[in-house]
Amino acid sequence: MISSPATRDRPLTRWTAVILAVLLLTVFLALPLAAVFTEALRRGWETALAAYADPDAQSAIMLTLLVAAIAVPVNTLGGIAAAWCVAKYEFPGKRLLVALIELPFSVSPVISGMVFVLVFGAQGWLGPWLQERGVQIIFALPGLVLATVFVTFPFVARTLIPLMQEQGRTEEEAAATLGASGWQSFRLVTLPNVKWALLTGVLLCNARAMGEFGAVSVVSGHIRGETNTMPLYIEILYNEYQFAAAFAVAALLALLALVTLFAKTLLERFSGRRREIA
Amino acid sequence: MAAFLPRRALLGAAALAAVPAGAQSLPTLLNVSYDPTRELYRAFNAAFAAHWAKENGGQRIRVNSSHGGSGSQARAVIDGQQADVVTLALAYDVEAIAERGLIDKGWMGRLPHNSAPYTSTIVFLTRKGNPKGLRDWGDLAKEGVGVVTPNPKTSGGARWNYLAAWAWAQRQPGGSDAAAEELLGRILRNVTVLDTGARGSTTSFVQRGQGDVLLAWENEAHLALKEFGAGQFDIVLPSLSILAEPSVTVVDRNVDRRGTRAVAEAYLRHLYSPEGQALAAQHFYRPRDAGVLAAAGGVFPPLNMVTIDEAFGGWAEAQKAHFADGGSFDRIYRPSR
């Protein structure tokens, strides 16, 4: 085993750190995750499958997938645009833009949800105008999408910005001297350079979009079979003493997240190997 | 390979996004209700849909419901949730919606019994055998008693809890508002968990084992017994409680815009029908119908109850004196203690 000079002479420190990390991961990640799956199957497969067959559960699953299917592409495009601006150009107010991109990370999701109620709610700024035209934003799909887009916006931009900054502008400048248009250089130079980071960002964004609770809870209206996403539906089941069903749906949500993370890990390996070949 | 990989994936996602949500054509009705009525309205919604189809040549309808703390549900309707009917924990929350012009003034007189088709009251749910000997409101203030109740600021049930204790204290020998405020202060200091809604409190007490006594709706207490077996908890009736009249009404502006007035009104009227009353009793709400009440037998023992009007001069007064900003609850409750 090859150790770096910094840790070579301190096996005690090294093993303490390893044991501590493993312990923390077991207690805070592995055990709760195992609990979700054991609870889900405690009353047998039939109960768990019956929980998925419930029309309200199917509606919650479809709604969650739909919201993610809208929010993730929107944030992919928005995130690329934001990262492109920040990494490749100098302009006044750039720091402010970076701060704004990160804002959803620092604001509590509940507040993010309430902001939309204040703007689009019936008593809000745009509420009366929207209501006259019969447009329902809050307590309906558009509100859920807005809240999810807001909360998950930083993921793509934050993964891309450091990489794009590190890569600098030289390749784009070279492309420009060879006569490439802005769009050509973006499509043929910039994007291929960041595509693995982009995929990582998209997957993280997707995991969060499906799991978001706070912001979505505020704007959902909690209408059974209509505006309940999976996280909200899990809470409802739990509150109705349907613990097995609640954990069955929770296990499905956890599985979706695990699949996402697994895909991300695979991609990172794959991209690492490609880089070595290149 | 210069082609950018996820482009096709993105197009696929965009196509998926274009599919409209819930593309159903059934006429729908939305009932925005409070926390503990989930089971009641799940059963009633199905019963009403069947009843409506029978009366209207087989027309199928779909009734949705939404549940949460009564105050926050009223807030959602004010903020634009498209409720056709509201069935909330107390008249005050309906009144708050009416004040914004969404419900006509005088809504309370539109249906029998103050527009409250069933009633409930506040009881104690204790651990099996009542080990702390909690018999009446005064016992809740004793040292070392853990009390579970939701927050009166957000929960209708919690306001009934609070007022029931207050009314009891006023009626004790030497009772006064000052004595009541003192008792409530001592009870609130014993509160171990202050959830936002009644159901959250029940879960805290029943599922997570918090506290010695849950101040609960009578129906919520019976439901907990039913779900978890009668062997684990006891229902204790205090010497005096309060008659809770959960109010129901049509949200006029919403039904007029959506064209659902007829079905919304029929829905609420059906709550007063023998079928509606029997469902209420089955879910442990005290039915208004004397025959249905008698048939339920020992489930609803007679209990000495005050009404909000006689004890507090109505909800507007009670709200102002106790739960509005600067009311008695704000004076008493100091969470940091």
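The values are calculated or read from the model by the stated rules, or taken from the named source; none is laboratory data. Remember, it's a predicted structure, so these values are computed and weren't measured experimentally. Virtual Cβ from ideal backbone geometry, glycine too; neighbours counted across all protein chains shown. The accessibility values were calculated without ligands, DNA or RNA, using every heavy atom of the protein model including side chains. Shrake-Rupley method; radii C 1.70, N 1.55, O 1.52, S 1.80 Å.
Only alpha carbons enter this Debye calculation for the protein assembly as shown, each as an equal point scatterer, and the log10 of I(q)/I(0) it gives at q = 0.09, 0.11, 0.13 Å⁻¹ is -0.84, -1.13, -1.42. Straight Cα distances below 17 angstrom link B:K105 to the aspartates and glutamates B:D84, B:D93, B:E95, B:D252, B:D256, B:E265, with same-chain residues fewer than 8 positions distant left out. For chain B, the share of DSSP beta bridges that are antiparallel, to the nearest 5, is 55%. Using a cut-off of 19 Å between Cα atoms, the listed pairs B:K128/B:K226; B:K142/B:K320; B:K153/B:K320 include B:K142/B:K320 as exceeding that distance. Counting Cβ atoms of other protein chains within 10 Å of each residue's Cβ and taking the mean over peptide A:65-71 gives 4.
Take each residue of peptide B:190-203, count the partner chain Cβ atoms within 10 Å of its Cβ, and average: the result is 1.
For B:I78, the shell of other residues with beta-carbons less than 12 Å away shows a net charge of -1, using +1 for Lys and Arg and -1 for Asp and Glu. What is the distance in Å between the Cα centroid of the range B:107-124 and that of the range B:200-241? With the range B:107-124 and the range B:200-241 each reduced to a Cα centre, they are spaced 22 Å.
Counting every C-alpha pair in chain B, the share spaced more than 36 angstrom apart comes to 25%. Gaussian network model of chain A, Cα springs within a sub-10 Å range: biggest mean-square fluctuation belongs to which of A:R14, A:R43, A:R208? Fluctuation is largest for A:R14. In chain A, the DSSP-assigned H stretches of four residues or longer account for a calculated mean residue ellipticity at 222 nm of -24500 deg cm²/dmol, using -39500 (n - 2.57) per stretch and the full residue count as denominator.
Straight-distance candidates among the aspartates and glutamates for linking to B:K132, with alpha-carbon spacing under 15 Å and chain neighbours fewer than 8 residues away dropped: B:E143, B:D212, B:D234.
Taking the centroid of alpha carbons for each part, the range A:134-200 and the range B:293-330 are 58 Å apart.
Net charge of the neighbourhood of A:E102, taken over other residues with C-beta under 14 Å away and scored Lys/Arg +1, Asp/Glu -1, is +3. The A:L65 and B:D177 beta-carbon pair, evaluated with R₀ = 56 Å, returns a calculated FRET efficiency of approximately 0.50.
Is the range A:145-278 best put as rounded, prolate or oblate by its Cα gyration tensor, with a ≥ b ≥ c the root eigenvalues, rounded for a/c under 1.5, and otherwise prolate when a/b is larger than b/c, oblate when not? Cα axes put the range A:145-278 in the prolate bin.
Counting only DSSP H runs of at least 4 residues, each contributing -39500 (n - 2.57), and dividing by the residue count of chain B, the helix-based mean residue ellipticity at 222 nm comes to -12500 deg cm²/dmol.
For chain B, complete DSSP H runs whose alpha carbons reach 24 Å or more along their own long axis and whose mean Kyte-Doolittle score is -0.5 or higher are B:38-55. Per-residue shielding of A:190-200, expressed as the average number of other chain Cβ atoms within 10 Å of the residue Cβ, stands at 2.
Each of A:W45, A:W129 has its accessible area taken with a 1.4 Å probe; listed largest first, they run A:W45, A:W129.
A Gaussian network model of chain A, with springs between Cα atoms under 10 Å, assigns the largest mean-square fluctuation among A:S217, A:S108, A:S59 to A:S108. Packing order of peptides B:131-137, B:54-60, highest average first: B:131-137, B:54-60 (average count of other Cβ atoms within 10 Å over each peptide's residues). Take the Cβ atoms of A:C85 and A:T38, set R0 to 51 Å, and the FRET efficiency comes out at 0.60. Largest GNM mean-square fluctuation across A:Q123, A:Q167, A:Q58, computed for chain A with C-alpha springs under 10 Å, falls on A:Q123.
Site pair A:S108 and A:R95 shows an inter-label distance of 2.9 nm when each label is modelled 7 Å from Cα along Cα→Cβ. Partner lysines whose Cα lies under 26 Å from the Cα of A:K94, excluding those fewer than 8 positions away in the same chain, are identified as A:K195. Projecting the Cα positions of A:A246, A:A207, A:L258 onto the charge dipole of the range A:166-265 (unit charges on Cβ atoms of Lys, Arg, Asp and Glu, taken about the Cα centre) puts A:L258 furthest along the positive direction. In the range A:44-271, the ratio of gyration radius to Kirkwood radius, Rg to Rh, stands at 1.05 when only Cα atoms are counted.
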